[in-house]
1. For the subset of segment 107-149 comprising residues that are at positive phi and within 14 Å of the ligand (Cβ to nearest atom), which member is surrounded by the fewest Cβ atoms within 10 Å (Cβ to Cβ)?
2. So which of Ser67, Ser6 ends up being more than 24 Å from Ile266 (Cα to Cα), away from the ligand (no atom under 16 Å from the Cβ) and surrounded by 13 or more Cβ atoms within 10 Å (Cβ to Cβ)?
3. Write out, first by first residue and then by second, each pair whose Cβ atoms fall under 8 Å of each other, whose residues are 6+ apart or on separate chains, and whose first residue, in segment 78-106, is open to solvent by less than 100 Å² (accessible area, probe 1.4 Å) while the second is of a type in the set (Asp, Glu).
4. Among the residues of segment 234-256, how many are more than 10 Å from the ligand (Cβ to nearest atom) and outside any loop (DSSP other than H, G, I, E, B)?
5. Against the conditions (1) under 21 Å from Lys94 (Cβ atoms); (2) in a loop (DSSP other than H, G, I, E, B); (3) open to solvent by less than 20 Å² (accessible area, probe 1.4 Å), where does Leu271 fall short? Just the number, please.
6. Taking only segment 263-277 into account, find how many residues are on the phi < 0 side of the Ramachandran plot and more than 13 Å from the ligand (Cβ to nearest atom).
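The values are calculated or read from the model by the stated rules, or taken from the named source; none is laboratory data. Small disclaimer: the values here were computed from a predicted structure and weren't measured. Quick reminder, even Gly has a Cβ in these numbers, built from the backbone with ideal geometry, and neighbours come from all protein chains shown. Just the protein is used for accessible areas: all its heavy atoms, side chains included, with ligands, DNA and RNA removed. Shrake-Rupley method; radii C 1.70, N 1.55, O 1.52, S 1.80 Å.
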Amino acid sequence: MKRNKSLYERAKKMMPGGVNSPVRAFKNVGGTPLFIERGLGSKIWDCEGKRYIDYVLSWGPLILGHSHPQIIKAVKDSLEKGTSFGAPSEYEIKLAELIIKAFPSIEKIRMVNSGTEATMSAIRLARAYTKRDKIIKFEGCYHGHGDSFLIKAGSGALTFGSPSSPGITLGSAKDTLNADFNDIDSVKKLIRKNKGKIAAVIVEPIAGNMGCVIGDTDFLKELRDITANEEILLIFDEVMTGFRVSYGGAQRIFNIKPDLTMLGKIIGGGLPVGAYGGRRDIMSLISPEGPVYQAGTLSGNPIAMRAGYETLNIMRKDKDFYRKLEAKSRILGEGIKENIKKLNIPLNYAEFNSMSCLYFAKEKVKDFKSALKSDTKKFAAYFKNMLERGIYAAPSQFESVFLSSAHTEKDLEITIKANYESLKSIYF
Ligand SMILES: *Cc1c(COP(=O)(O)O)cnc(C)c1O
């Protein structure tokens, strides 16, 4: 038996679905997940020695590619001084300073260990600050696996056809209201119906967990106005977009100041980190300054802080970092769009800087409902075909494709060609 398959069989005996996070299991596309042995730059190698161009990048964090020499060096240096102290250390401050400088809306910040932890904590904080219980989120937006958020929530939940999860109490579910992404009237309606009861509106300004759906500028600006008028907190979940779409996240691009922001992924440089931050008066409610409890044995872990700091520092020092990344993104996008046109097939391609999604849907995807019109069977066939050609992308229609600074023009050329051949073999 091939090694990927034998490892998968072993894993399945002990771990649910053989994995530690659902979408990794290839369940929706079929086949055996790859067990990855190592990564370098834009490439990964599986346990059978096969090489792939990687567009998953650990689901977003690795914007510099795998095993960036400066990150490895920094991690090694930090590692040799010890792995964890459960006490303050200097790189927590250095990372916080870089983040706060990049995000003017963040005046104070708390580091946690994942995006999920950041969103759960931010909602607790928003409820404490406003003394209200309900939150509004958007169908198809993903905010981690906290109970409050697993109500009609993005890729993982979408892929497995369970819009909300068993095990979530009716009590939690009733406090989460779902609005339609890019539809301000749906938000106004919920606010009207629940006057004085909404603590926060939480949104991915560019939704990356139903593919890649860009928030309309007017929609986001109106969200800001309405929430301010109703004394509702506006929370931007920038776990994916933070330091991805620009150094100051989506909020810099849209020029909108949310009350709270969640970060994760890139700020950990490939190690487990999340963070939430925002207005000083709100953040000051967090323990030990205030009464809202939130803690973590490994929070602010010195190695993770160091990896995050080095990552941001590399990007910050290269004035052309995002311009170069966007140029690559454009080459990939143009190539794929050209292929679609040449083959005359009903697909559409969405992109925002180094995030993108090829939807197997005819019409432009603007929200959850239109994302669901995608042909996931065609996607599965495409995914497998690309994988055989050495292109590793997320095994779900509802995830973004990511680029890193390590991707070369040669990688893009190979990918565009593989895209053409794959689409041709599926459709003709
Ligand atoms: C990945 C992601 C999360 C969850 O982060 P984890 O580190 O996986 O818990 C939350 N929100 C968004 C927008 C994400 O992309």
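1. Of segment 107-149, the ones at positive phi are 131, 140, 144.
Cutting the leftovers down to within 14 Å of the ligand (Cβ to nearest atom) gives us 140, 144.
Details: Gly140: 29, Gly144: 22.
Across segment 107-149, the extreme among qualifying residues is Gly144.
2. Details: Ser67 fails: more than 24 Å from Ile266 (Cα to Cα).
Ser6 is the lone residue from the list that is more than 24 Å from Ile266 (Cα to Cα), away from the ligand (no atom under 16 Å from the Cβ) and surrounded by 13 or more Cβ atoms within 10 Å (Cβ to Cβ).
3. Ile100/Glu107; Ser105/Asp259
4. Step one: list which residues in segment 234-256 are more than 10 Å from the ligand (Cβ to nearest atom), which gives 234-235, 243, 245-256.
Restricting the remaining residues to those that are outside any loop (DSSP other than H, G, I, E, B) gives 234-235, 246, 249-254.
Final tally of qualifying residues: 9.
5. Here Leu271 clears every test but (3).
6. Result for segment 263-277: 1.
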